[in-house]
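Peer 1: What follows is a structure written as structure tokens; I'll ask about it next.
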Amino acid sequence: EILNVTIMDGAGHSREVLLTGHAMMIAIDYVAHERLERPAFGIAIYDGGGTQLAGTNTLMAGCEIPFIEGKGRVLYRAESLPLLAGQYYLSVAIHNAEETEAFDYDNLGYSFRVELGAATPHLGLIHVPANWIFEPGEEEA
């Protein structure tokens with residue numbers, strides 16, 4: 001059972017507003033009322049229109065959890081949040097390794113806002129860290 005989900009900055013402070021290009025963490029506090037073998041914890045991020053922008057789980061990322069029993073916490077950390085300014089929604093799940101049984105699923109139950117911060121302004125949904133380089137041609141005689 002998912003007890004609580006906390007959206008945090010890279011330092012682990014709970015935040016409703018995150019900054020493009022900065023680290024973010026999602027803490028999933030849970031309780032397993034019985035021993036669960038090889039569970040997977042997953043997240044999905046959606047924009048305001050309901051488009052899924054990202055989705056991953058512990059198994060996809062190579063973080064295999066042998067079992068859970070009782071209370072615990074799983075952390076997801078993104079070193080550089082690529083989302084541009086806007087409102088975003090988060091779904092969180094705990095399911096079996098085969099993804100055939102959901103132990104708990106909170107669809108779009110959490111939200112956070114992203115502000116551009118010091119990132120270069122962009123259009124679209126994601127920030128692509130890049131630089132422009134101007135190389136002038138030689139003048140014609």
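Peer 1: If you go through the range 70-100 one residue at a time, how many are surrounded by fewer than 12 Cβ atoms within 10 Å (Cβ to Cβ) and farther than 27 Å from G10 by Cβ?
Peer 2: Here the count works out to 3.
Peer 1: Do the conditions hold for F103, that is, is it more than 22 Å from D9 (Cβ to Cβ) and of a type in the set (F, W, Y)?
Peer 2: Yes: the conditions hold for F103.
Peer 1: May I ask you to say which residue of G21, G49 is surrounded by fewer than 17 Cβ atoms within 10 Å (Cβ to Cβ) and either without any contact (Cβ under 8 Å) to a residue 40 or more places away in the chain or in contact with a Ser or Thr (Cβ under 7 Å, 6 or more places away or on another chain) (or both)?
Peer 2: Values: G21 fails: surrounded by fewer than 17 Cβ atoms within 10 Å (Cβ to Cβ).
Within the list G21, G49, the selection yields G49.
Peer 1: Hey, another quick one. I'm trying to understand the selection: among the residues of the range 74-112, which are under 13 Å from the mean Cα position of the chain (by Cα), of a type in the set (S, T, N, Q) and part of a strand (DSSP E or B)?
Peer 2: Across the range 74-112, the qualifying residues are S91, S111.
Peer 1: For the range 63-101: of the residues being under 22 Å from T20 (Cβ atoms) and charged (D, E, K, R), which is modelled with the highest pLDDT?
Peer 2: R77
The values are calculated or read from the model by the stated rules, or taken from the named source; none is laboratory data. Since we're looking at a predicted model, the values are computed, not measured. Virtual Cβ from ideal backbone geometry, glycine too; neighbours counted across all protein chains shown.
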